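These notes concern the structure reproduced below.
Every number in this text was worked out from the coordinates using simple rules, so none of it is lab data. Values in this document were obtained by computation on a predicted structure and should not be read as measured data. No Cβ is skipped: glycine too gets one built from the backbone with ideal geometry, and neighbour counts run over all protein chains shown.
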């Protein structure tokens, strides 16, 4: 039974945490919410760091907390790891002794420390004092330290928020690689949808202490498009077709003999050469609509699509489209929508530049 | 040069200060922890009680302890029933008195260090499988060790220097309750200024050396990772 289920109904100082959810403990589950939505508090409750809660937690069939029967497994006995926003390294220990701290206590043997050091790129720092490290290095130590304790579930609370943009992309690539290699399920909290779009398999959305959405990451993002709470976008995971270094482009397969072009990934140091699929998104603002196919254009991506839904939003219109069995979203001005007199079931053409397709490579610029 | 009775007083003083410091570290650490983590409004009441010896004339504390230690009152009676000996005017009495008298000098630096350390790093330890005792010895203690050294040094030095309480509850029994400060007072009363000078100068130099050591430790810890003992540990009037 690989799942985490929790129920909390607790009044905190500024909000009421009221959640009841079961999450599969496989892959990475993203938790999205604006600040004050209760996402960090939820992680602390799962970890056992918040004691004044009413509710229940079960992880992989083992009960960790039950307020009714006053059953409480202490944080140190839960086999749950937590990577904090601010790393929280032990200042009196070296990098090596920091990362060995949890491993020693759980007496774990299945994870090889050298492998984890390699995965987290800490080899050259291992004997340094942690106070000498940069923000990104500190977080890598915190991640290595948490991994080596071999938790059944790893919680990450905005682990990249203190990092600069380039480090963010590198760290996401690193976390995705770590997850794939070590197969430790993760709950990843962030207020950045760009981060979560790249890293999550499933996405849970919180607002004001309540869970408003949960499901497949693309599906949840597309649902959020209509609420205008995020950058409206088309979120996709597509197989890589080929790299075209001469043109600085990579093509992804949208359908048989149909390709989406985006800036070249092959030479980028953060793209994993073994990746067969790429996670990407296109902002709804970047997709234009025309009635006729524009045959001769510098814009490389153009496809026929069918309008499935039209949603007016103030001066704009959000148009949902079906394009080769993928859902696309285009946001155009109300004026354009009226000029083109668009209707549901109309067949139209969408186009967007290669540079409008964002992947992990340009996460930092978003 | 130094009289035999003064050497006995020196030995009594060091013995009293050492035992007192050990007791203070054992009871002061959990008390400091409790106060640092306490969120109740009664915290200020306990803090005020702990800090009382800083402002109270030692004779006030000594007077009440003398009454409590007498066989007519419960603490003194209990002591006598258990040990068969009178508590007042005994070595045990001056140790107990010193524990009360020097308590704030031990509790306050440690409490301040615990407060400065906060819960964040301790939570990190818990999430890595360390239980409360493990976290204390592998995280809290190594990071706050400078404060423990400060607390022990101040507790020791302050106990060596006490006079009023020892006089009230210990009397002046050589080899039992006669400490250096009382010997000094005796020499002055007898107009034996030469002997008084020797004792006064030794107390002055000894206390200076202990304090210099404390400040040296604080100075070195300023450049390391440990929680610092900034001067605010002690109220202003204690620093002068």
Per segment A:151-242, sqrt(5λ) over the Cα gyration tensor eigenvalues, sorted largest first, in Å, gives 21, 17, 14
Note: segment A:180-309, point scatterers on Cα, Debye, no solvent; log10 I/I(0) at q = 0.12 Å⁻¹ equals -0.59
dims of segment A:3-216, Cα set, principal axes, largest to smallest, nearest Å -> 47, 36, 30
Across the alpha-carbon set of segment A:52-176, Rg over Rh with Rh taken as the Kirkwood radius works out to 1.02
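Take the Cα gyration tensor of chain B, multiply each eigenvalue by 5, square-root it, and list the three semi-axes largest first, rounded to whole angstrom. Before the final figure, lay out the partial values.
Numbers: eigenvalues 239, 104, 45 Å².
Three semi-axes, in Å: 35, 23, 15.
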With no solvent term and unit scatterers on the alpha-carbon positions of the protein assembly as shown, Debye gives log₁₀ I(q)/I(0) at q = 0.09 Å⁻¹ of -0.84
Projected onto their principal axes, the Cα atoms of segment A:233-365 stretch, largest extent first, over whole-Å spans of 45, 29, 25
Residue separation between residue A:132 and residue A:5 times 0.36 nm, minus their alpha-carbon distance, gives in nm 41.7 nm
Of all C-alpha pairs within segment B:163-224, those more than 19 angstrom apart amount in percent to 49
Taking B:101-108, B:211-218 and ranking on average Cβ neighbours within 10 Å, highest first, one gets B:101-108, B:211-218
